[in-house]
Amino acid sequence: MKNSLKEIITCLILTCFFPCVAWATKINCKEFEIKYYGQADRLMQEIEVVELCARPAEGFRDKVFSNLKYRANRLNTCVQMVKQGKLGFDCSREFRKTMKANGGENCAKELERMRKSFKKFETLFSRFKPCLEK
């Protein structure tokens, strides 16, 4: 009896002081916007560092499409478009191609920083997407 009375009192107290738990889980769009745009800018900087680090294309015709400079530039363009709110773009495919591209033999650290930055960007985008759709 005493335990159930304690539980009832605890429930009443919690209900009075915290009428809705949703206030804690509500998406704060302004906060996500600041984080999202900041992460997008950091990612674009990391991509530019990779682009500068990559060795130039050996041949122009066949090798340019697998070259890291070319792929990094396409990834940067994709991130810019997503940042601008064009929701139809999914940069993960371009990211995978960039990570597999030729020309990054001397850019391991830069590629790893870009990879981590891209993962943060994807996570923030998935959380911020409901705010963009409003």
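Quick note: the coordinates plus some simple rules give every number you see, no bench work behind them. Remember, it's a predicted structure, so these values are computed and weren't measured experimentally. Positions of Cβ are backbone-derived with ideal geometry, glycine not excepted, and every protein chain shown enters the neighbour counts.
Restricting the calculation to Cα positions, tell me the Rg (one decimal) and the Dmax (whole number) of the range 29-132 in Å.
Rg, Dmax (Cα atoms, Å): 14.0, 47.
State the extension gain, in nm to one decimal, for the chain segment bounded by R96 and K129, taking 0.36 nm per residue of separation less the distance between their alpha-carbons.
Full-extension gain reported as 9.7 nm.
Taking the Cα centre of the range 29-132 as origin, sum charge times position over the Cβ atoms of Lys and Arg (+1) and Asp and Glu (-1), and report the length of that vector in debye to the nearest 20.
For the range 29-132, the charge dipole is close to 260 debye.
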